[in-house]
Amino acid sequence: MTVVRRVLPPIAFGVLMVVAWQLTVTVGRIAPFIVPAPSAIWAELVEQRTNVWNAGLASGLNALIGLIGGAVAGILAALVASRFRPLSEVSVPFAAVLNALPIIALAPILNNMFESTSSVPRRLVAGIIAFFPVFINTLRGLREVDPIHRELMHSYAASGWTFARKVRLPGALPFVFTGLRQASSLAVIAAVVAEYFGGLQDGLGSRITSAAAFTAYPRAWAFVVGACLLGLVFYLSTLLLERLVMPWKSRLIT
Amino acid sequence: MSHRVDAAAPGPERTSPVRAAVSVDGVTKVFNPGRPDQVRALSNVDLTVAEGQFVTLIGPSGCGKSTLLRLIADLISPTMGTITVAGQPAAKARLRQEYGIAFQQSGLFEWRTVLRNVELPLELRGMSRADRKARAEEMLALVGLPDFADHYPAQLSGGMQQRVAIARALAVSPPLLLMDEPFGALDEMTRERLQTELLQICAQTATTTVFVTHSISEAVFLSNRVVVMSPRPGRITASIDVDLPTRDDAARQSPAFFDAITAVRRALRAAPAVAP
């Protein structure tokens, strides 16, 4: 009952939007290069489903490898930075500045550094982009400890290592997942968009550009839908992982 | 019932035949010494708590009652003076887990189940898995929560969380229990129920308790002795012995209860006049 009440409104809203879109395009006679009708996109999606699936797998694998690499590096870097206070004071502004740079712009340079059949550049871009939200959030979580927990562990005469293992690390988990949620969407975007700048052309990004270049707009949109679905799969998987790792959280998004 | 309103010289307790569970001698605590924001939190405080006694520290905000409790717990160290807990320096007593402590916030670890929260101090003592589980279950039964062992703290009400915190504080069977306004955030009904429970638990386990509160009725109902403190600088201005015939709900209506409340209130009002 509650599930229905929670799920129904957004679905109804989505359906309504698609219907409105379809009506606007057909009634308003809008040219497909501006925006194609949902029915046309759907027809292309069905026709191209093997291509969308394969391209999605290629981009998804790049995003996944980048996400895992970036997240592991981000967590390790945060552990090191939180251990040495001066290091964290230096690294946070440094990371914030680096994060403000358009890292996707590195893609053409990375593409030239490796062979044209290499998947490494796209994975590197996805990894670098995933690194920052994980690093910044994990570091914040590691540094924010409830003062009462600190006093309690002090009263138990717990060593620094015990304190880190029993309090600091589990306490940082919600922050780690906040970072991972952001990183999972960003990694997909990075993996797709990195293909716009050359390199190996087997993912969703290259399909979108080539379809658009051939003025096959509904087909381009079909691959965009594929990219949306891929992003959604990554985001939902992260939510699921969060729920599995932190069973004590009754609500996921607070 | 005897009222003594000059605790500056708490002579009788020092010569008491019962061993002192806590003894505070000439303790002064200055925060941020030598800096512009220097604060003299406690000034020349003497306090002796006999074994098995329930002593409450009461006073307005900023009188240093929580500071005094943290000094006894060795969470902070005194600027001057000495503190002895169970016959040893406070720092050593802390390392040997001679006390359990509970705060206004339960301070439960949200990622641990109720049972594993209670187990934590035992775990840190290196007790075996089976032993600590048995002990934690026993403690949960003592505070009336045997059915909530596998719940997470977020699933419990504030009063239940506070009971878990008390169970955790008592898990290592410490001779001394330190409590800093543990019922301060609870509603009046829950508060009174937990007070009664706490007294039963303390009687069962023969624990000495130092309890911080700013509720006069709570102090009187719980304590053998109410220690009145006043601020700027924090010091003890009175020590009032309370002798209620019983410690149950009927006691809350007894003349002795109201007499003691009046005595504590007078002492609290008198305090600022004494201040320079």
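The values are calculated or read from the model by the stated rules, or taken from the named source; none is laboratory data. Every value quoted in this text rests on a predicted model; they were computed, and no experiment measured them. As a convention, Cβ positions derive from the backbone with ideal geometry for all residues, glycine included, and neighbour counts pool all protein chains shown.
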### Message
Any residue that is modelled with pLDDT under 90 and closer than 25 Å to A:L110 by Cα - is there at least one of those in the stretch A:213-222?
### Response
yes
## Note on the structure
If we keep only residues of the stretch A:189-243 that are assigned to a helix (DSSP H, G or I), over 16 Å from the mean Cα position of the chain (by Cα) and small (G, A, S), then the residue nearest to A:P121 (Cα to Cα) is A:S206
## Note on the structure
Residues in the stretch B:66-122 that are under 18 Å from A:M153 (Cβ atoms), in contact with an Asp or Glu (Cβ under 6 Å, 6 or more places away or on another chain) and free of Cβ contacts under 8 Å to residues at least 60 places away in the same chain total 4
### Query
Among (1) more than 8 Å from chain A (Cβ to nearest Cβ); (2) modelled with pLDDT of 90 or more; (3) outside any helix (DSSP H, G or I), which single condition is B:W111 missing?
(1)
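Would you confirm, using the coordinates I've provided, whether B:V85 is within 23 Å of B:Q162 (Cβ to Cβ), crowded, with 23+ Cβ neighbours inside 10 Å, more than 10 Å from chain A (Cβ to nearest Cβ) and touching a helix residue (DSSP H, G or I) at 6+ places or on another chain (Cβ under 6 Å)? Don't jump to the end; show me each part of the working.
Details: within 23 Å of B:Q162 (Cβ to Cβ): no; crowded, with 23+ Cβ neighbours inside 10 Å: yes; more than 10 Å from chain A (Cβ to nearest Cβ): yes; touching a helix residue (DSSP H, G or I) at 6+ places or on another chain (Cβ under 6 Å): yes.
No: the conditions fail for B:V85.
Could you go through the stretch B:48-62 and let me know if any residue there is within 14 Å of chain A (Cβ to nearest Cβ) and among the aromatic types (F, W, Y). It would help to see each step written out before you state the result.
Just the residues of the stretch B:48-62 that are within 14 Å of chain A (Cβ to nearest Cβ), to begin with: none.
Within the stretch B:48-62, none of the residues are within 14 Å of chain A (Cβ to nearest Cβ) and among the aromatic types (F, W, Y).
Residue by residue, here is whether (1) in contact with a strand residue (DSSP E or B) (Cβ under 9 Å, 6 or more places away or on another chain); (2) farther than 22 Å from A:I208 by Cβ; (3) hydrophobic (A, V, I, L, M, F, W, C) holds:
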| position | (1), (2), (3) |
| --- | --- |
| A:V52 | no, no, yes |
| A:A78 | no, yes, yes |
| A:R85 | no, yes, no |
| A:S91 | no, yes, no |
| A:A96 | no, yes, yes |
| A:A100 | no, yes, yes |
| A:R122 | no, no, no |
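From the list A:N112, A:N137, pick out the single residue that is assigned to a helix (DSSP H, G or I), farther than 17 Å from A:A71 by Cβ and either of a type in the set (S, T, N, Q) or in contact with an Asp or Glu (Cβ under 7 Å, 6 or more places away or on another chain) (or both). Full working, then the answer.
On the way: A:N137 fails: farther than 17 Å from A:A71 by Cβ.
Within the list A:N112, A:N137, the selection yields A:N112.
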### Query
Any idea how many residues of the stretch B:220-261 are surrounded by fewer than 17 Cβ atoms within 10 Å (Cβ to Cβ), in a helix (DSSP H, G or I) and among the small types (G, A, S)?
3
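Being within 26 Å of A:Y196 (Cβ to Cβ) and either aliphatic (A, V, I, L, M) or touching a residue at least 24 places away in the same chain (Cβ under 8 Å) (or both) narrows it down to one residue among A:A20, A:A63, A:A78, A:A12; which is it?
On the way: A:A20 fails: within 26 Å of A:Y196 (Cβ to Cβ); A:A78 fails: within 26 Å of A:Y196 (Cβ to Cβ); A:A12 fails: within 26 Å of A:Y196 (Cβ to Cβ).
Answer to the selection: A:A63.
Taking the options A:Q201, A:Q182, name whichever one is over 23 Å from A:I68 (Cβ atoms) and more than 14 Å from chain B (Cβ to nearest Cβ). Before the answer, list the steps.
Numbers: A:Q182 fails: over 23 Å from A:I68 (Cβ atoms).
Testing whether each residue is over 23 Å from A:I68 (Cβ atoms) and more than 14 Å from chain B (Cβ to nearest Cβ) leaves just A:Q201.
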### Task
Go through (1) part of a helix (DSSP H, G or I); (2) assigned by TED's automatic domain parsing to the domain that holds B:E51; (3) over 20 Å from B:L268 (Cβ atoms) and name the single condition B:R163 misses.
(2)
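Per-residue answers, yes or no, for (1) out of contact with any Leu (no Cβ under 6 Å at 6 or more places or on another chain); (2) free of Cβ contacts under 8 Å to residues at least 60 places away in the same chain; (3) not polar (S, T, N, Q):
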residue: A:F135; (1), (2), (3): yes, no, yes
residue: A:I148; (1), (2), (3): yes, yes, yes
residue: A:Y156; (1), (2), (3): no, yes, yes
residue: A:Y196; (1), (2), (3): yes, no, yes
residue: A:A220; (1), (2), (3): yes, yes, yes
residue: A:G226; (1), (2), (3): no, no, yes
### Query
Taking into account only those residues within the stretch B:132-160 that are buried (at least 20 other Cβ atoms within 10 Å of the Cβ) and within 12 Å of chain A (Cβ to nearest Cβ), which is nearest to the chain's Cα centre (by Cα)?
B:P153
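Among the candidates B:T15, B:T48, which residue alone is assigned by TED's automatic domain parsing to the domain that holds B:A219 and either of a type in the set (D, E, K, R) or modelled with pLDDT of 85 or more (or both)?
Values: B:T15 fails: either of a type in the set (D, E, K, R) or modelled with pLDDT of 85 or more (or both).
The match here is B:T48.
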#### Entry: Breaking point among (1) free of Cβ contacts under 8 Å to residues at least 12 places away in the same chain; (2) out of contact with any Phe, Trp or Tyr (no Cβ under 9 Å at 6 or more places or on another chain); (3) closer than 25 Å to A:A191 by Cβ; (4) not polar (S, T, N, Q), for A:R122
(1)
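State yes or no: is B:D187 touching a Ser or Thr at 6+ places or on another chain (Cβ under 9 Å), surrounded by fewer than 23 Cβ atoms within 10 Å (Cβ to Cβ) and charged (D, E, K, R)? Before the answer, list the steps.
Values: touching a Ser or Thr at 6+ places or on another chain (Cβ under 9 Å): no; surrounded by fewer than 23 Cβ atoms within 10 Å (Cβ to Cβ): yes; charged (D, E, K, R): yes.
For B:D187, the condition - touching a Ser or Thr at 6+ places or on another chain (Cβ under 9 Å), surrounded by fewer than 23 Cβ atoms within 10 Å (Cβ to Cβ) and charged (D, E, K, R) - is not met.
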### Task
Pull up the stretch B:65-74, narrow it to residues that are in contact with a helix residue (DSSP H, G or I) (Cβ under 9 Å, 6 or more places away or on another chain) and either surrounded by fewer than 18 Cβ atoms within 10 Å (Cβ to Cβ) or within 16 Å of B:G234 (Cβ to Cβ) (or both), then point me to the one that is nearest to the other protein chains (Cβ to nearest Cβ).
B:R70
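Has the stretch A:229-242 got at least one residue that is within 14 Å of another protein chain (Cβ to nearest Cβ) and either more than 27 Å from B:F109 (Cβ to Cβ) or of a type outside the set (F, W, Y) (or both)? Lay out the reasoning, then the answer.
Residues of the stretch A:229-242 that are within 14 Å of another protein chain (Cβ to nearest Cβ), as a first pass: A:242.
Next cut, either more than 27 Å from B:F109 (Cβ to Cβ) or of a type outside the set (F, W, Y) (or both) only: A:242.
Among the residues of the stretch A:229-242, at least one is within 14 Å of another protein chain (Cβ to nearest Cβ) and either more than 27 Å from B:F109 (Cβ to Cβ) or of a type outside the set (F, W, Y) (or both), which makes the answer yes.
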